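Asks: Got a structure for you, written out below as structure tokens; questions coming shortly.
The values are calculated or read from the model by the stated rules, or taken from the named source; none is laboratory data. Values in this document were obtained by computation on a predicted structure and should not be read as measured data. These accessible areas exclude ligands, DNA and RNA; they are computed on the full protein's heavy atoms, side chains included. Shrake-Rupley method; radii C 1.70, N 1.55, O 1.52, S 1.80 Å.
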Amino acid sequence: MADKETLRVGSAVRRRRRALALTLAAVAERSGLSVPFLSQIENERARPSLRSLDRVAVALDTTAAELFAAADSARVVDVVRAEEPDDLPDVGIRSLVRGHHQLRAVEFTGEQEGDREYQHRNDELMYVADGAAEVEAEGRAYRLEKGDTLYLSGGVRHRWRATLPGTRLLVVALGGHVEAGP
């Protein structure tokens, strides 16, 4: 397969493993491959041979062909227009990246639940496109105004709320790593 046609099979492996509620250690035991190698595959840092991919597929109760079919294209260009309808059910929340990718970007507009606490395994960036917001992180409050950004490293518990009508907040993080706190 030529480089320009290379599929990101790691994303398909990760989705399948998570759908089966398996740990990397469980897949390693089933496939005979190491946890670090499987992690590198999932994070697109290593390309498995067809033999290794077959071993992973068997461990995930599927086939290499099915993993290839579920893989993301290595090169994606996609424009999301402001006026396009979104598939998110919540009013005032719009996904800025379509499909299943490592990057997730979401725009929040207007009032959102300010009492809901979040904690992510990976880093997150918040950018105020319009209006103002207040973010509470690790027991400290941060006031953000138009054009301000706030970076949160993975594991930081936080909550936020818009402080002006019409506030638009852009949140960028790695996809699939968002959990509401207790």
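Asks: With every protein chain present, what accessible area does VAL79 have (1.4 Å probe, heavy atoms only), rounded to the nearest 10 Å²?
Replies: 80
Asks: So what J values fall out for segment 152-160 if you push phi through Karplus, 6.51 cos²θ - 1.76 cosθ + 1.60 with θ = phi - 60°, rounded to Hz, Gly and Pro as x?
Replies: 3J(HN,Hα) across segment 152-160, in whole Hz: 10, 6, x, x, 6, 6, 7, 8, 8.
Asks: Ranked from the most accessible area to the least, with a 1.4 Å probe and all protein chains present, what is the order of PHE108, PHE68? Walk me through the numbers on the way to the answer.
Replies: Details: PHE108 35, PHE68 65 Å².
Sorted by accessible area, descending: PHE68, PHE108.
Asks: Of ARG16, ARG140, ARG30, which has the most accessible area with a 1.4 Å probe, and how do the rest follow in descending order?
Replies: The ordering from most to least exposed comes out as ARG140, ARG30, ARG16.
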